[in-house]
Each structure stands twice: as structure tokens, then as C-alpha cells.
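Student: Would you mind keeping the following structure in view while I ask a few things?
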């Protein structure tokens with residue numbers, strides 16, 4: 001397996017790649033992640049951001065295999081990004097309370113050596129329990145709500161809010177490992193042909 005360049009500083013993506021023992025190095029993307037400037041469905045926007053991240057790093061490394069990813073949370077066709085502060089986090093968690101939402105991760109692999117680009121996405125449905133104000137405020141106070149799409153971490157304390165998941169769990173954490181594995185296999189097949 002070739003070394004992957006991860007275009008992200010996300011500790012969650014780093015942990016997931018380590019979990020499946022993929023060799024990688026980190027060169028973070030420097031793009032402005034402004035999803036409101038993008039067009040299309042939420043899934044297309046997640047794919048566009050993943051591509052922009054991978055392309056930004058590809059332009060700097062010039063060779064190898066670059067992985068870009070972007071995770072968003074969607075409820076009622078509204079994209080919930082990372083909260084801007086405690087009030088924003090509160091509003092997001094209140095919207096998610098007792099309801100289902102989608103977690104969508106765009107994934108982009110750019111093979112610079114073979115000039116191949118693959119862009120896909122994974123969607124997982126997450127059901128939340130009812131959250132009262134006390135739970136929401138305590139969670140925000142823990143600090144875990146920040147720097148997370150939708151203001152929660154399913155792999156952390158936020159796991160207590162998750163009543164059920166339909167689909168890929170690692171996608172909710174930040175990188176759909178099965179989808180990534182399939183994309184790497186497809187890339188390998190393309191190179192062999």
C-alpha cells in the first residue's frame with residue numbers, strides 16, 4: 001500500500017486511518033471551508049469541499065496519493081457545520097434533539113502519479129434522544145461540542161445522545177472506512193488495467 005497524504009488535521013480521521021493500519025502522513029489543506037458559497041445538494045457540497053482540500057494539498061506535494069474529506073450534518077435540508085460559539089452549538093443540538101439527521105462525508109482520492117481522481121460520499125442516518133436544556137448546556141460546557149459538524153462527537157461523550165445509527169459508524173466519526181477501502185481498491189484496479 002502506498003503512503004497516503006491526509007489533507008486534514010482532524011484527530012478523528014488520523015485515528016481512523018491508524019485503526020485500519022494505513023500508512024499516511026499529514027499535510028493540512030489551507031482552503032477556506034465556506035460551504036455557503038458552494039452549489040448543489042448537501043452531498044455534492046461535501047464532495048466539493050473534499051475535492052478542494054485534496055486538490056489544495058495535491059498542488060503542493062506534486063506526487064503520491066492525496067486524501068481529502070469533509071463531514072457535514074444535515075437536518076431539514078439545512079447544513080449544520082462547526083458551531084461558531086456556545087449559542088450556535090446550543091441551537092444545533094436543540095434542532096437535533098429527538099430527531100433523525102444525516103451525516104454526510106465527501107471523500108476524494110487524488111492519485112497524482114497515475115492522474116486519477118475519485119470523488120464519492122457516504123450518508124449515515126443518526127437518531128438522537130430527546131435532549132433537555134440541562135443536558136445540552138452540560139455538554140457544551142464540556143468543550144466537546146466545538147470543532148465538530150453538528151456540535152457533537154459520536155465517538156466521545158456525545159455518544160450518549162445517539163439512540164441509533166443506520167449506516168456506517170466511522171462516517172459519523174469523520175471518515176467512512178468501508179467507502180475509503182472500496183475507493184482504494186477501485187484506484188488499484190484502474191492502475192493495473
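Table: residues versus (1) surrounded by 18 or more Cβ atoms within 10 Å (Cβ to Cβ); (2) within 24 Å of residue 17 (Cβ to Cβ).
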position	(1), (2)
133	no, no
137	no, no
142	no, no
147	no, yes
153	yes, yes
158	yes, yes
164	no, no
173	yes, yes
177	yes, yes
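Student: Under 8 Å between Cβ atoms, at least 6 apart or on separate chains: pull out the pairs that start in region 82-95 with a residue that is within 15 Å of residue 132 (Cβ to Cβ) and end on any residue that is assigned to a loop (DSSP other than H, G, I, E, B).
Tutor: 93/131; 93/145; 93/152; 94/131; 95/76
Student: Within region 76-84, can one find any residue that is under 13 Å from the mean Cα position of the chain (by Cα) and closer than 22 Å to residue 190 by Cα?
Tutor: No: zero hits.
Student: Still on this structure, I have one more. Identify all residues within region 33-53 that are outside any helix (DSSP H, G or I) and closer than 17 Å to residue 10 by Cβ; write none if there are none.
Tutor: Within region 33-53, just 33 meets the criteria.
Student: Identify, from the list 68, 64, 40, the residue that is over 28 Å from residue 138 (Cβ atoms), touching a residue at least 60 places away in the same chain (Cβ under 8 Å) and more than 16 Å from the chain's Cα centre (by Cα).
Tutor: 64
Student: Which fully enclosed strands (runs of 3 or more DSSP E) of region 60-115 have 3 or more residues being surrounded by 15 or more Cβ atoms within 10 Å (Cβ to Cβ)?
Tutor: 65-75, 100-111
Student: Here's something else I'd like to know. For region 167-183, which positions are more than 14 Å from residue 153 (Cβ to Cβ), in contact with a strand residue (DSSP E or B) (Cβ under 9 Å, 6 or more places away or on another chain) and assigned to a helix (DSSP H, G or I)?
Tutor: Within region 167-183, 178, 179, 180, 182, 183 meet the criteria.
Bear in mind that the values in this text are calculations on the coordinates, not laboratory data. From a predicted model like this one, the values you see are computed outputs, not experimental measurements. FYI the Cβ positions are ideal-geometry reconstructions off the backbone, even for glycines, and counts take in every protein chain you see.
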